[in-house]
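Before any comments, here is the structure.
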Amino acid sequence: MPAPPDGRGPRCELRVGGRSTGRFVAGLNLEAAVEVNGRYLVLLTDGVDMEELLSVHLVEKDGRLIDTASIGQARSTGRFRHLVLGPPRSIGFHFLGDGAWTVMVHPQPRLAWPLLPEAPAVHRPFGWRRWFLVRMSQR
């Protein structure tokens, strides 16, 4: 169910096990939801033609958001495809450009330097710790 418009872009409510959590996250179209170490890695696109954005959220079983990132850039069309479950705690997919993207979930949060992006077109809110890492590899 979409949240009321508030100028922050498309948002939807997190539902866990079919139950409402009352919490909203960025994104509109569910692309994937994968359980990793008792948490959920949720990937949503926002449904905006010509400037698609992929939001990656790590969510506790109670619906609490513990980490988030977005992938996208101005005037670039992304299309989510080729989801692959990797070794423990990782997934791979294609979204922007010709490279493959990987999201690796850490068992515990890790210290991060918030001023340096993890990969081109990856955006995150300011923070000193990360529960997952986003990488892109070129073909």
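The values are calculated or read from the model by the stated rules, or taken from the named source; none is laboratory data. Bear in mind that the values here come from a model prediction, so they are computed numbers and not experimental data. All Cβ positions, even for glycine, are placed from backbone atoms using ideal geometry, and neighbour counts span all protein chains on display.
Brief remarks follow.
- Selection of region 121-139 for residues being touching a residue at least 60 places away in the same chain (Cβ under 8 Å) and either of a type in the set (A, V, I, L, M, F, W, C) or over 17 Å from residue 68 (Cα atoms) (or both) yields 131, 132, 134.
- Residue check, residue 35 acidic (Asp, Glu) and under 16 Å from residue 81 (Cβ atoms): no
- Note on region 89-113: residues that are modelled with pLDDT of 85 or more, over 17 Å from residue 59 (Cα atoms) and not in a strand (DSSP E or B) total 3.
- Residue count, region 65-76 (criterion: in a loop (DSSP other than H, G, I, E, B) and either within 14 Å of the chain's Cα centre (by Cα) or closer than 25 Å to residue 15 by Cβ (or both)): 1
- Count - residues of region 105-139 that are loosely packed, with under 11 Cβ neighbours inside 10 Å and more than 25 Å from residue 80 (Cβ to Cβ): 8
- Among the residues of region 32-56, those identified as in contact (Cβ under 8 Å) with a residue 12 or more places away in the chain, part of a strand (DSSP E or B) and either more than 17 Å from residue 67 (Cα to Cα) or not hydroxyl-bearing (Ser, Thr, Tyr) (or both) are 32, 34, 36, 39, 41, 42, 43, 44, 54, 56.
- Residue selected from region 82-118 under the condition of a type in the set (A, V, I, L, M) and out of contact with any Gly (no Cβ under 9 Å at 6 or more places or on another chain), by the criterion farthest from residue 54 (Cα to Cα): 111
- Residue that is in contact with an Asp or Glu (Cβ under 8 Å, 6 or more places away or on another chain), of a type in the set (Lys, Arg) and not in a strand (DSSP E or B), where the choices are 130, 79, 135: 79
- Near pairs, Cβ below 9 angstrom, 6+ apart or cross-chain, from region 98-120 (charged (D, E, K, R)) to any residue that is exposed (fewer than 10 other Cβ atoms within 10 Å of the Cβ): 98/138; 98/139
- For region 74-84, the count of residues that are at pLDDT 90 or above, over 24 Å from residue 135 (Cβ atoms) and not acidic (Asp, Glu) is zero.
Per-residue answers, yes or no, for (1) more than 23 Å from residue 135 (Cβ to Cβ); (2) charged (D, E, K, R); (3) at pLDDT 90 or above:
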| site | (1), (2), (3) |
| --- | --- |
| 2 | yes, no, no |
| 5 | yes, no, no |
| 43 | no, no, yes |
| 51 | no, yes, no |
| 59 | no, no, yes |
| 62 | yes, yes, no |
| 69 | no, no, yes |
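- Residue count for region 64-104, restricted to those that are surrounded by 19 or more Cβ atoms within 10 Å (Cβ to Cβ) and aliphatic (A, V, I, L, M): 5
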